[in-house]
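Any read-out appearing in this document is the output of simple, stated calculations on the displayed coordinates, not a laboratory observation. It should be emphasised that the depicted structure is a prediction, and the values quoted were computed from it without experimental measurement. Counting neighbours? That spans all protein chains shown, and the Cβs are built from the backbone with ideal geometry, glycine included.
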Amino acid sequence: MALIVQKYGGSSVADAESIKRVAKRISEARKAGHDVVVVVSAMGDTTDELIDLARQITPIPPSREMDILLTAGERISMSLLAMAINNLGVKAKSFTGQQAGVITDAVHGKARIVDVVPGRIRETIEKGSVAIVAGFQGVTQSTNDVTTLGRGGSDTTAVALAAGLGADVCEIYTDVDGVFTADPRIVPSARKIDRITYEEMLEMAASGAKILALRCVEYARRYDVPVHVRSSFSGAPGTLVTNTPVAVVDAAAPNEEEVVMEAPIISGVAHDRSEAKITVVGVPDVPGTAARIFEVVAGAGANIDMIVQNISVASTGRTDISFTLPEEDGPIATTALNAVREAIGFESIQLDDQIGKLSLIGAGMKSHPGVSAKLFGALRDAGVNIEMISTSEIRISVVTREDNLDAAVRAVHTAFELDTEAEAVVYGGTGR
Ligand code: ADP
Ligand code: ASP
Ligand code: MG
């Protein structure tokens, strides 16, 4: 019998009926003889609603208080789920992140897990109970305060617990049938991927495919935790995220033991609406200026993503530097930069939160020429203007106007022949 960690996202536990449905699924796994640890997210859009509520009180809430507020969401779902499971005659006990031994650093709002000490969880499963753990939260040892892991962080809790407990698999239950070639909410003709490597999943998650949180995939890769993404609403087989790409038996020699590992050229198209763009206008074109600008941005606690420096205009000796960052970091980065405007000597700052980012991901693209040309051609045909471009070995990303993003995603998905006949099912959630 296996030790299974199951994670249920917010849309899978959106109301009392859903909680009972999920409880049934969990108790069936337990009755089949497996040891089951469950990580649960806050019900439906609770986290967003709590954030909205805080903003009605104050525009920039203290991050420590924000974390205490947000962890309440997962406390509600964990206790209700434990009640529902007990009701079905299976013992279950719920634990906060702190009680479950999830230790993090002290960065409120985006804390990193530094250790998992799941003694109480182990004890609970050894006694034959299901352990329910509140996702997305931990405790920092420096101050004993509760922390949150950043949006989507319950995925990370699940993988970290699976690694800490040596679980056989980490199942991520959500509102679609697995990882698709694009977000099924935007591209209904997206194809479900049966198996994807950590490397490609990392790029998809980093590019905004919120089906799995980025840190969850980083953690899974580091500790070699097999992650199985599937729907809590259906029995469909889902997507396996592992180290091994699809194994294709050589058709010419089907009896040979040797298999040909074939990486798809393109595994998917991801999109991200959560970033903003800052342009620092009229920057003195002298050594050290970029370093000073990005030191200030880093000092403000903002993570940056893409950077573009326009060609220096020799006659003015000035240049523009644009970069993207999470939308919520836009105001702090702008304030910090404005404070050093005279010292650095640039002219002005522009903050633009109406941008979208499209990324094309595929391990096979490094050995196939023409992928960029095809991508840009598809965007041209769809009438989409490209504002920034960045690439990695297995990814090409472009920034567009946010209004054009959905059309751009569909056009690129079609251009790379990723469409399928069957319409992808979205079982729940609001897409928020
Ligand atoms: P949960 O509440 O279960 O954590 P999320 O909303 O965080 O669910 O993630 C699931 C959603 O991710 C899906 O409903 C879908 O809209 C979105 N998504 C984005 N990109 C993809 C993709 N490539 N494949 C599947 N779903 C995706
Ligand atoms: N409830 C948190 C969020 O909405 C964590 C999660 O669902 O993974 O981001
Ligand atoms: Mg999620």
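Show that you can apply the helix-only estimate: for the chain, add -39,500 (n - 2.57) for every DSSP H stretch of four or more residues, divide by all residues, and state [θ] at 222 nm to the nearest 500.
Numbers: 12 runs with 138 residues, N = 432.
So the helix-based figure for the chain works out to -10000 deg cm²/dmol.
For the stretch 378-432, what is one quarter of the convex hull surface built on the Cα atoms, given in nm²?
Numbers: hull surface 21.5 nm².
Approximately 5.4 nm², given one-decimal rounding.
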Beta bridges per DSSP with both ends in the stretch 103-244, % antiparallel, nearest 5: 45 percent
For the stretch 53-137, size of Cβ-based charge dipole, Lys and Arg +1, Asp and Glu -1, in debye: 140 debye
Point-charge dipole on Cβ atoms (K/R +1, D/E -1) for the stretch 358-431, about Cα centre, debye to 20: 320 debye
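How high is the FRET efficiency from R292 to Q141, r the C-beta distance, R0 45 Å, rounded to 0.05?
Details: r = 34 Å, r/R0 = 0.77.
Computed FRET efficiency for R292 and Q141 comes out at 0.85.
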Dipole of the stretch 334-408, positive direction: furthest Cα of V398, L375, L337, with charges on the beta-carbon: L375
Packing-based order for 57-63, 352-358, 154-160, 15-21, using average beta carbon neighbours within 10 Å, highest first: 154-160, 352-358, 15-21, 57-63
Kirkwood estimate for the chain, i.e. one over the average of 1/r between Cα atoms, Å: 23.1 Å
Sorted by Cβ density within 10 Å, fewest first, the residues V308, V102, V283, V229: V308, V283, V229, V102
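Sorted by packing (mean other beta-carbon atoms within 10 Å per residue), highest first, where do 299-306, 367-374 land?
Working: 299-306: 16.0, 367-374: 11.4.
Per-residue mean Cβ counts within 10 Å order the peptides as 299-306, 367-374.
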Environment charge of A14, counting only residues whose C-beta is closer than 13 Å and scoring Lys/Arg +1, Asp/Glu -1: -3
13 Å beta-carbon shell around I396, net charge (K/R +1, D/E -1): +2
Sequence-distant residues sharing a close amide H with D145 (under 5 Å, placed H): T140
Estimated inter-spin distance, S372 and D15, nm [label 7 Å along Cα→Cβ]: 5.0 nm
Leading residue at positive end of dipole, the stretch 98-252 (Cβ point charges), from N144, L165, S129: N144
Fewest-first ranking of F346, F180, using other Cβ atoms within 10 Å as the exposure measure: F346, F180
Cα centroid separation - the stretch 80-129 against the stretch 12-46, whole Å: 14 Å
FRET efficiency for Y427 and V308, using Cβ-Cβ distance with R0 set to 35 Å, rounded to 0.05: 0.35
Cross-link partners of K7 among lysines (Cα-Cα below 25 Å; sequence separation of 8 or more within a chain): K20, K24, K31, K91, K93, K110, K127, K192, K210
The stretch 1-128 shape via C-alpha gyration tensor axes, a/c threshold 1.5: oblate
